Structures are given as structure tokens and as C-alpha cells.
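A short worksheet on the structure shown next.
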Amino acid sequence: MKAVSGRGARALVALSVLVAASTLLLRLADPDLFGHIAAGRWMVAHRPILREDPFSYASAGPVRYTAVLSEVFFHLVDRVSGAVGLNLVHVLLTATLLGLVATRAPGSAPSRVLVVGLVLVSSFAALTLKPQVLSSLLFAGLLLLLDRAPSRDPRRLLLLPLLFVVWANV
């Protein structure tokens with residue numbers, strides 16, 4: 001059996017990432033998503049960050065909203081393109097995350113395809129469209145930055161404070 005190498009190997013890995021991410025199409029079943037969209041809509045309309053939850057009868061007192069950027073982002077995507085846009089964003093975020101996994105996985109192309117599949121299966125429940133997906137993507141970006149910056153360009157480490165500011169608000 002001939003080994004896959006070069007462009008064929010990269011195409012195989014890229015195809016596996018896209019196929020894996022596309023399994024999440026039409027998977028907006030997480031009930032939290034619509035609460036995040038509503039919170040983002042409220043913050044865009046009223047400008048301040050929510051201090052209490054106006055959408056829940058069970059919430060009394062102050063609430064800490066830490067997912068401000070993702071909630072506003074989800075609302076804007078929903079307002080512009082509805083469920084189709086939310087699905088596309090979901091697939092793109094997941095494909096980016098799986099792509100980072102595939103590029104860092106050691107071994108041949110078939111073994112990286114296997115790793116992508118195992119990551120998808122083991123984290124399928126966690127990959128619903130909610131702020132945690134953005135957080136996972138930022139974590140993968142942090143690991144990539146820490147892995148590559150010291151040897152290639154240590155000045156890239158100056159991006160860390162910006163990454164943490166965004167991450168704290170996603």
C-alpha cells in the first residue's frame with residue numbers, strides 16, 4: 001500500500017477536518033445559545049454589560065456576564081444571517097479548532113485523520129455553539145503561540161496580553 005505524502009497528505013487531513021466539522025451542521029440544539037443571543041441583543045440595544053438576568057424568573061440579584069464578546073458576536077451573526085449564519089460560524093470555528101489539532105498532531109496523514117476523528121468524537125457534546133467553543137479555540141491559539149513564538153520570533157509573545165483580554169471576555 002502506497003503511503004500518502006506531500007500535497008495528497010495535506011488534502012487528506014484538510015478533507016477530514018472539513019468532513020468532521022460539517023457533522024455539526026444544523027446542530028443548534030443547545031438551549032443556552034438562544035439565551036446568549038438574547039443577552040447580546042440586549043447589550044447591543046442598551047449598551048452596558050448586563051448586571052442582572054432579565055430573561056430568567058429564577059435569577060434574583062446580580063449576575064456576572066463574562067461572555068460579553070461572544071454573546072454580542074452571536075447576536076450580530078443571528079441578526080445578519082439567522083440560523084444559516086450561526087451554523088456556518090459553528091462549522092468554521094470547529095474546523096479551525098480541528099485544523100489546529102491536525103497541524104499539531106504527530107505522524108503520518110492517516111494518523112492525523114484518526115486524531116481529528118477521535119477529538120471530534122470525544123468532544124462532540126462540548127462542541128455546541130456557545131462561548132466555550134471560542135474559549136477552546138483561543139486556548140489552542142495560546143498553545144500554538146507559546147510553542148512557536150520563542151523559536152521563531154519572541155516578539156509574538158507580546159500578543160499574549162491581547163489574547164488574554166479577548167479570552168476573558170469571550
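The values are calculated or read from the model by the stated rules, or taken from the named source; none is laboratory data. What you see is a predicted model, and the numbers here were worked out from it, not measured in a lab. Ideal geometry is used to build each Cβ from the backbone, glycine not excepted, and the neighbour counts take in all protein chains shown. Just the protein is used for accessible areas: all its heavy atoms, side chains included, with ligands, DNA and RNA removed. Shrake-Rupley method; radii C 1.70, N 1.55, O 1.52, S 1.80 Å.
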All-but-one check, H75 against (1) closer than 26 Å to A9 by Cβ; (2) at pLDDT 85 or above; (3) buried (at least 17 other Cβ atoms within 10 Å of the Cβ), failing number (1)
Do you know which of the residues in segment 16-57 that are in a helix (DSSP H, G or I) and at pLDDT below 80 is farthest from G82 (Cα to Cα)? S16
Name the pairs whose Cβ atoms lie under 7 Å apart, with the first residue in segment 135-161 and under 22 Å from T96 (Cβ atoms), the second at pLDDT below 80 and part of a helix (DSSP H, G or I), and 6 or more positions between them or separate chains? R156/A149; L157/A149
State yes or no: is L158 surrounded by 13 or more Cβ atoms within 10 Å (Cβ to Cβ) and farther than 30 Å from D78 by Cα? no
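Kindly evaluate V91 against the criterion of being of a type outside the set (K, R), within 26 Å of V165 (Cβ to Cβ) and open to solvent by less than 40 Å² (accessible area, probe 1.4 Å).
On the way: of a type outside the set (K, R): yes; within 26 Å of V165 (Cβ to Cβ): no; open to solvent by less than 40 Å² (accessible area, probe 1.4 Å): yes.
Judged against the criteria, V91 is not a match.
What tally of residues in segment 117-133 results from selecting those that are surrounded by 21 or more Cβ atoms within 10 Å (Cβ to Cβ) and in a helix (DSSP H, G or I)?
Here is the first cut: in segment 117-133, the residues surrounded by 21 or more Cβ atoms within 10 Å (Cβ to Cβ) are 120, 127, 129, 133.
Filter once more, keeping what is in a helix (DSSP H, G or I): 120, 127, 133.
The qualifying residues number 3.
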